[in-house]
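Here's the structure we're looking at; comments come further down.
The values are calculated or read from the model by the stated rules, or taken from the named source; none is laboratory data. Computed from a predicted model, the values in this text were never measured in an experiment. Cβ: placed from backbone, ideal geometry, glycine included. Neighbour counts: every protein chain shown.
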Amino acid sequence: MTRKTLISAFLILGVALCVRTAFGQSRHSSHGDAATEGTVLSVIAAHTDSKTDRILPTQLNLFENGVEQKIKNFTADPSPAKIVILVDNSQGLQVSVEDMKKAVMEFAYEIFEGDELFVIAYDTKPEIIQEWTADAKKLEASLSTLRKQGNPYLFDAMHSAVKEVLQPLMPGTRKTAVVVITDGLDRGSTAKYDKVLNELQQENIVVYSLQIPDRTGGAYRRDQPKANAIVTKLAEETGGLVFPFEESSTAAKTICDELRKNRYLLSYTPADASSYDARKLLLIGDEGLSLRTKAAQPPNVR
C-alpha cells in the first residue's frame, strides 16, 4: 500500500476508535505523565536508496489507534548501546554449546566504542554469565559456564533482564536492547508473555532474536503462541528483527550497526487518547525510507 492509502485507512479507523477513547477519558484523566512531558519512541530509520540526507519529521506520519499525532522532534541518537544477550541454556536445544558461545562472541567483535554487553543464560532460572563489559577476552572466558540442562523459562528470564538489569539504567540510558538466542520455547515460567511484552514496550526496549530450530516441531501451545511465533512476535512488537541462528555473524553486525547509526528518538504529545488504555502505533514515512518502532504504547499504569 502507498503512504497516502495507509494514511486514509488509518484516519477512517481513527474515527471509530475516537468514540471508544472518549468513553475511556470520561472514566480516567488523560493528562498523566505522557500528556505533560510528551512521549518518546525509539525508532530505527534508514534510507533504502543511496541518499544520506537527514530524515526530517515532515517525512513521517505517526498514528495512535488510527488518530494522527503531531511529531515534535525526530533526532538521531548516536549514544552507546546497552545490549543484554539472553541465551537459552536448557536441555534439548538443537545447537551445540560451542556454537552458542561463538554466536555470543560475534557481538563482542561488532560493538562500537562505549557499547557494553551483559550475558544471561537461563533454564529454570536466569543466571548471570557476564556483567556489563566490552572486553572480548573477559566475555569469552565467562562463557565456559554455558551448558544444556533443565527446562526453558524464557519469560521469567526476560522479565528479570528488564527489571533487574535494564530498568535500573533508566531514565539516563535510552538505547537498550535484548538479543535472545532461543527457539522460543517456554516451559514453566510464572511471568506470562503479555506481561513481558508490556514491560518491554513500556521501556522502549527492542528485542532482536537469533532463532534456533524449534525443538517441538511446531507443536501447538494451549495458553501461548507456538515457540517459533514467540520469537517473531517479540521482535515485531518491539521494533526488532529475527535472524536465523546460523547467520549470527551477519546478525551481530546488522544489530550493532543499526543501534549506532540508525537509531532515532521521536517525541510527541499524545492527542485524543487515554493513557490508561493500550494504543496501537503505526509509523510510516515517505517513499525511500525504512522505519521500525514498537507496535503499541502500553497503558500508563505500573
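How many of the residues in the range 179-192 are crowded, with 19+ Cβ neighbours inside 10 Å and more than 11 Å from Ala157 (Cα to Cα)?
Final tally of qualifying residues: 6.
Mind counting the residues in the range 243-255 that are assigned to a helix (DSSP H, G or I), touching a strand residue (DSSP E or B) at 6+ places or on another chain (Cβ under 8 Å) and crowded, with 18+ Cβ neighbours inside 10 Å?
4
Mind checking whether some residue in the range 134-142 is within 13 Å of Val104 (Cα to Cα), of a type in the set (Gly, Ala, Ser), at pLDDT 95 or above and within 20 Å of the chain's Cα centre (by Cα)?
Scanning the range 134-142 turns up no residue that is within 13 Å of Val104 (Cα to Cα), of a type in the set (Gly, Ala, Ser), at pLDDT 95 or above and within 20 Å of the chain's Cα centre (by Cα).
Test each condition in (1) surrounded by fewer than 16 Cβ atoms within 10 Å (Cβ to Cβ); (2) among the aliphatic types (A, V, I, L, M); (3) in contact with an Asp or Glu (Cβ under 8 Å, 6 or more places away or on another chain) for Ile128 and report the one that comes out false.
So the condition that Ile128 fails would be (3).
For Gln211, are the conditions met, namely being out of contact with any strand residue (DSSP E or B) (no Cβ under 7 Å at 6 or more places or on another chain) and surrounded by 15 or more Cβ atoms within 10 Å (Cβ to Cβ)?
Against the criterion (out of contact with any strand residue (DSSP E or B) (no Cβ under 7 Å at 6 or more places or on another chain) and surrounded by 15 or more Cβ atoms within 10 Å (Cβ to Cβ)), Gln211 does not qualify.
Rundown of residues vs (1) of a type in the set (Asp, Glu); (2) within 22 Å of Ser79 (Cα to Cα); (3) assigned to a loop (DSSP other than H, G, I, E, B), yes/no style:
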site	(1), (2), (3)
Arg174	no, yes, yes
Val179	no, yes, no
Leu185	no, no, yes
Leu200	no, yes, no
Pro225	no, no, yes
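Among the residues of the range 232-252, write down those that are closer than 24 Å to Tyr109 by Cα and not small (Gly, Ala, Ser).
Matches in the range 232-252: Leu241, Val242, Phe243, Pro244, Phe245, Glu246, Glu247, Thr250.
Go through the range 106-145 and give me each residue that's closer than 19 Å to Val180 by Cβ and assigned to a helix (DSSP H, G or I).
Within the range 106-145, Glu106, Phe107, Ala108, Glu110, Leu139, Ser142, Leu143, Thr145 qualify.
Only one of Ala273, Ala235 is at pLDDT below 95 and either assigned to a loop (DSSP other than H, G, I, E, B) or within 27 Å of Asp99 (Cα to Cα) (or both). Can you tell me which?
Residue meeting the stated conditions: Ala273.
Whether any residue in the range 39-46 is out of contact with any Ser or Thr (no Cβ under 8 Å at 6 or more places or on another chain) and outside any helix (DSSP H, G or I) is what I want to check.
The answer is no; no qualifying residue exists.
Take the residues in the range 76-95 that are within 30 Å of Asp53 (Cα to Cα) and not in a strand (DSSP E or B), then tell me which one is nearest to the chain's Cα centre (by Cα).
Ranking the candidates gives Ala81 first.
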